[in-house]
Amino acid sequence: MPKRKRKRRELGKWRLWNFFSDEDAIRPYLPPMVVFSEHALRSYVRMYQIVYVKPDYGWGGRGVMKIWHTQDGYAYILEKGRTVHCKTLESLCEKVKRRLEPGKRYVIQEGIDLAEIDECPFDIRLMMMREYGRWKYVGMLAKVARPNSAITNFARGKGYITDVRHALRASLNLSNAAIDALQEEMLELGFRTCQRFDEYKTYWQVGLDLAVDKNGKLWIIEENTGPSQLLFAQLKNKSMYQEMRRISAVRRRQKLRQKKKHT
């Protein structure tokens, strides 16, 4: 009987950031990140207009906090709750620390000034799947947050899903040629990210959360190795979702054949 491979543990946000920042072609797309401490929080808030505090391990926008500068101090919001204002950095740090779960590691990340549709920020989910051993681009969509939300997660943030080309045109007034070039850059980044993942572990699907800022620059927000395909079912055009279901069915058949082979 063949020896079973030992499963490698999933990487948290901090280890993922370090793993991908070692790749020259990916590093420029990664916003600065550091492990949470009060000193680091003070430093990042002083350096950047927007800062995010996130659990190192977590998904779905749970526990994500957005911090930003205001005219008379600072403000923060936890997930999609109410906005809390602080007049001093000391007050901000104390309140933020009280919202963190004891014993859990958090990271601090520079916040991207996301492009917006009608004052609602959005990011982009790009879906890559492996079919017969090779990575394949399957689809992308835009996740639009509701106003004053710290997260764009569709289920928890109560936003909406829309087409990427529409989002880029509506937010940045880009030409078709500019949108084509930006989407081509996204695809190249998707393949590079998956190839880098292959150096750590063999995944069969990866959902990249990408952001375009108000200057049109592309960023990587997060890499998801267990992405939801159901997001794509929200689009009017179901072709991308149907392709995901087809590839998933192929994978199930392959796994079943392999299982029969070894029994």
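Every number here is computed from the coordinates shown, using simple stated rules; none is lab data. Given the structure is predicted, the values throughout are model-derived calculations rather than measurements. When we count neighbours, we look across all protein chains shown, and the Cβ atoms used for this are built from the backbone with ideal geometry, even at glycine.
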For segment 205-216, 3J(HN,Hα) per residue [Karplus equation, 6.51 cos²θ - 1.76 cosθ + 1.60, θ = phi - 60°, Hz, x = Gly/Pro]
8, 9, x, 8, 8, 10, 10, 10, 7, 5, 9, x
Okay, helix-only estimate at 222 nm for the chain: each DSSP H run of n ≥ 4 adds -39500 (n - 2.57), divide by all residues, round to 500 deg cm²/dmol; what do you get?
-10500 deg cm²/dmol
Taking only C-alpha pairs under 8 Å that are 6+ residues apart, what is the relative contact order of the chain in percent?
18
The chain: DSSP helices with Cα axial extent of at least 18 Å and average Kyte-Doolittle hydropathy no lower than -0.5:
176-197
In whole Hz, what ³J(HN,Hα) sequence does segment 128-142 give by Karplus (6.51, -1.76, 1.60; θ = phi - 60°), x for Gly and Pro?
10, 9, 9, 10, 6, x, 10, 6, 9, 6, 10, x, 8, 8, 9
Distance from the Cα centre of segment 226-248 to that of segment 160-215, in angstrom?
16
Top positive-direction residue, dipole computed over the chain with Cβ charges, set MET186, ILE161, TYR57
TYR57
Within-15-Å neighbourhood charge of LYS236 [Cβ basis; K, R +1; D, E -1]:
+1
By average C-beta atoms within 10 angstrom, highest first, the peptides 225-234, 49-58, 248-257, 179-188
49-58, 225-234, 179-188, 248-257
Give the residue list of trypsin sites (Lys or Arg not before Pro) in segment 71-118 that are DSSP loop and have at most 16 other beta-carbon atoms within 10 angstrom.
ARG82, LYS87, ARG99, LYS104, ARG105
Sparse-neighbourhood loop hits (GluC sites (Glu not before Pro), segment 8-97; DSSP loop; Cβ within 10 Å at most 14 others) -> GLU10
Local electrostatic count, ARG46, Cβ distance below 14 Å [Lys/Arg +1, Asp/Glu -1]:
-2
How high is the relative contact order of segment 139-263? Use alpha-carbon pairs under 8 Å, at least six apart in sequence, and give a whole percent.
15
Explain nothing, just the number: dipole magnitude of the chain about its Cα centre with +1 on each Lys and Arg Cβ and -1 on each Asp and Glu Cβ, in debye rounded to the nearest 20.
2220
With charges set only on the Cβ (+1 for Lys and Arg, -1 for Asp and Glu), what does the dipole of segment 113-263 come to about its Cα centre, in debye to the nearest 20?
1480
